[in-house]
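Enquirer: This is the structure I want to talk about, given as structure tokens.
The values are calculated or read from the model by the stated rules, or taken from the named source; none is laboratory data. These numbers come from a predicted model, not from an experiment. Here the Cβ positions follow ideal geometry from the backbone for every residue, glycine too, while neighbour counts run over all protein chains shown. Each accessible area value is taken on the protein alone, full model and side chains, heavy atoms only, with ligands, DNA and RNA left out. Shrake-Rupley method; radii C 1.70, N 1.55, O 1.52, S 1.80 Å.
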Amino acid sequence: MKTHELIIIGSGPAGLTAAIYASRANLKPLVIGGLKFGGQLMDTTEVENFPGFPEGIMGPELMQKFIEQAKRFGAEIIFKDVSKVDIKSEIKKVWVGDEVYQSKAIILATGAQPKKLGLDSEDKYWGKGVSSCATCDGAFFRGVEIAVVGGGDSAVEEATFLTRFASKVHLIVRKDSLRASKIMQDRATNHEKIEIHWNTEVQEVLGDGNKVTGLKLLNNKTNKSSELPLAGMFLAIGHIPNVKLVEGVINQDDLGYLETDSGSTYTNIDGVFVAGDVKDHKYRQAITAAGMGCMAAIDAERWLETA
Ligand code: NDP
């Protein structure tokens, strides 16, 4: 069986940037990109904040460009899901169903997924007014009313950010208190453009087939339903890092994200590097994930030289 120098698991901005750098370093990386390749940008419409695209670019088109660039320098990419890994030994093994791939080094760039409410209407209007990234999509909602769902730091941060664009931001909180830190709580409660709806849950995202037109809400104290007309709903109810493959093997932080040595992409396992949203719960941007992918490829290349 052929042993690759490097296998990269994940095909979002982190994994594919790692592939570009590693292939230019002649490592001939194998990227196992997942059946649903491309990461979270595949669920986005227009990306206006990725440098180099002054007119903006559609998320899936951007990821296609990443793929072309990685292939140009010899990266091999397969779009299948990894079923399990054995990364403790010197030679790492990666299973895709019954097929086994081997490598000396591994970059894990499996990303994270935004938590969803689990409503059919939320999926129906995803990218048509429903989003999980205020930084990415906020500017599409100038002068209109929108909602942010959640009561943690992310929700307050996103709600505050969105007041730059929206005429009003409705913060939908399922309890009678915010989980966010005190300073963030004050920011939300004192903001003239933010209205907090306590004890409130989203029952349905309302729309005209093409875009969001409102929310059907339930007050879980009074059991009363109501409709709130607005143009968009941002989810900020947390993210789930995709760590299943290496749970119990690679160290995780308090929030469950994979841990690296400070200032690098090295992990507690020799020859295993981590990049992107599976490690980062703070910035979560395509450009920061890409930056970390670059770091992981350089770390892996240097590690392979001495291995
Ligand atoms: P959190 O897990 O802290 O908060 C999630 C929020 O979403 C909670 O209010 C929770 O409600 C609510 N929620 C969860 N599921 C649902 C649901 N199905 N329906 C409605 N509401 C729901 O996640 P965050 O992303 O806010 O923060 C993650 C970590 O990152 C935290 O440690 C946070 O402090 C940190 N962070 C720090 C920032 C900063 O310092 N500037 C900015 C952003 C994040 P409930 O309280 O009822 O469980």
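Enquirer: With the condition being closer than 14 Å to Ile107 by Cα, I'd like the strands (runs of 3 or more DSSP E) fully within segment 1-85 carrying at least 3 qualifying residues. Give the derivation first.
Expert: Numbers: elements: 3-9, 30-32, 76-78.
The qualifying strands (runs of 3 or more DSSP E) are 3-9, 30-32.
Enquirer: Here is a follow-up. Can you confirm whether Ser226 is hydroxyl-bearing (Ser, Thr, Tyr), touching a helix residue (DSSP H, G or I) at 6+ places or on another chain (Cβ under 9 Å) and more than 16 Å from the ligand (Cβ to nearest atom)? Please lay out each step first, then the result.
Expert: Working: hydroxyl-bearing (Ser, Thr, Tyr): yes; touching a helix residue (DSSP H, G or I) at 6+ places or on another chain (Cβ under 9 Å): no; more than 16 Å from the ligand (Cβ to nearest atom): yes.
When the stated conditions are applied, Ser226 does not pass them.
Enquirer: Still on this structure, please answer the following. Among (1) in a strand (DSSP E or B); (2) out of contact with any His (no Cβ under 9 Å at 6 or more places or on another chain); (3) away from the ligand (no atom under 15 Å from the Cβ), where does Glu192 come up short?
Expert: (1)
Enquirer: Same structure, new question: From Thr222, Thr200, grab the single residue that is surrounded by 19 or more Cβ atoms within 10 Å (Cβ to Cβ) and farther than 22 Å from Thr44 by Cβ. Before you say what the answer is, go through the steps one by one.
Expert: Working: Thr222 fails: surrounded by 19 or more Cβ atoms within 10 Å (Cβ to Cβ).
Sole residue among the options that is surrounded by 19 or more Cβ atoms within 10 Å (Cβ to Cβ) and farther than 22 Å from Thr44 by Cβ: Thr200.
Enquirer: Please work out which residue is farthest from the ligand (Cβ to nearest atom), limiting yourself to segment 78-120 and to residues that are under 13 Å from Val31 (Cβ atoms) and either loosely packed, with under 12 Cβ neighbours inside 10 Å or among the polar types (S, T, N, Q) (or both).
Expert: Of everything passing the filter in segment 78-120, Ser103 is farthest from the ligand (Cβ to nearest atom).
Enquirer: Further question on the same structure: The conditions are (1) away from the ligand (no atom under 11 Å from the Cβ); (2) of a type in the set (D, E, K, R); (3) open to solvent by 50 Å² or more (accessible area, probe 1.4 Å), and Asp137 fails exactly one of them. Which is it?
Expert: (3)
Enquirer: Okay, moving on. Read through the list (1) of a type outside the set (S, T, N, Q); (2) surrounded by fewer than 17 Cβ atoms within 10 Å (Cβ to Cβ); (3) outside the structural domain of Lys92 (by TED's automatic domain parsing), then give the number of the only condition that Met184 fails.
Expert: Result: Met184 fails condition (2) only.
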